[in-house]
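*Asks:* I have a structure I would like to understand better, so I am pasting it below and will then ask my questions one at a time.
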Amino acid sequence: MRSYAVPLALAADLVCVLVFVVVGKADHETGLTPTAVLGTAWPFLVALALGWAATLAWRSPARLWPTGVLVWAVTVVGAMPLRLLSGEGAPFSFVLVTSLFLAATMLGWRAIALLVSRRGRRTPD
């Protein structure tokens, strides 16, 4: 594995979470100051860190299965109780949108990385 793979993979997951938060805050017009974004993002960032730790994601950070799926699942499932504890809501519609957006982005970049790496390994005819 290249030395930059782990930081890039972690950065990609962080960007997925932060884009989700910023898009949601912009759509609901709830403020885009750094404090406002961090106030909404922290449960997801904590759950993302837990997902990385629980799966030992740094060993194969770009793998779709099991790394990507489990990091995504822990991020979504772990963030919801933290949101509730902080006084934020977690209605079913929010959980559904969160799950779909983060699946599309967190699993999406891994799927693209897999396709690119497979294409690079093909031998010319």
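The values are calculated or read from the model by the stated rules, or taken from the named source; none is laboratory data. These figures come from a predicted structure and were not determined experimentally. Every residue, glycine among them, receives a Cβ derived from its backbone with ideal geometry; neighbour counts consider all protein chains shown.
*Asks:* I'm checking my understanding of the structure. Among residues of the range 11-23 that are in contact (Cβ under 8 Å) with a residue 24 or more places away in the chain and surrounded by 17 or more Cβ atoms within 10 Å (Cβ to Cβ), which one is farthest from Val69 (Cα to Cα)?
*Replies:* Phe20
*Asks:* Determine which member of the set Arg83, Arg122, Arg118, Arg110 is of a type outside the set (A, V, I, L, M), farther than 16 Å from Leu14 by Cα and either in contact with a strand residue (DSSP E or B) (Cβ under 9 Å, 6 or more places away or on another chain) or in contact (Cβ under 8 Å) with a residue 24 or more places away in the chain (or both).
*Replies:* Arg83
*Asks:* Still on this structure, please answer the following. Residues in the range 5-15: is at least one modelled with pLDDT under 95 and of a type in the set (A, V, I, L, M, F, W, C)?
*Replies:* Yes, the range 5-15 contains at least one residue that is modelled with pLDDT under 95 and of a type in the set (A, V, I, L, M, F, W, C).
*Asks:* Another question, then. If I ask for residues that are surrounded by 16 or more Cβ atoms within 10 Å (Cβ to Cβ), in contact with a Pro (Cβ under 7 Å, 6 or more places away or on another chain) and of a type outside the set (Val, Ile, Thr), which ones from the range 47-99 would you list?
*Replies:* The answer is Ala79, Leu82, Arg83.
*Asks:* Now for a separate question. Please go through the range 24-64 and give me each residue that is touching a residue at least 12 places away in the same chain (Cβ under 8 Å) and aliphatic (A, V, I, L, M), ordered by number.
*Replies:* Val37, Ala41, Leu45, Val46, Ala47, Leu48, Leu50, Ala54, Ala57, Ala62, Leu64
*Asks:* Can you confirm whether the range 45-59 contains a residue that is over 27 Å from Val116 (Cα atoms) and among the basic types (Lys, Arg)?
*Replies:* Taking every residue of the range 45-59 in turn, none turns out to be over 27 Å from Val116 (Cα atoms) and among the basic types (Lys, Arg).
*Asks:* State yes or no: is Val21 of a type outside the set (Gly, Ala, Ser), over 19 Å from Leu114 (Cβ atoms) and either out of contact with any strand residue (DSSP E or B) (no Cβ under 8 Å at 6 or more places or on another chain) or modelled with pLDDT of 95 or more (or both)?
*Replies:* Details: of a type outside the set (Gly, Ala, Ser): yes; over 19 Å from Leu114 (Cβ atoms): yes; either out of contact with any strand residue (DSSP E or B) (no Cβ under 8 Å at 6 or more places or on another chain) or modelled with pLDDT of 95 or more (or both): yes.
So Val21 fits the description; yes.
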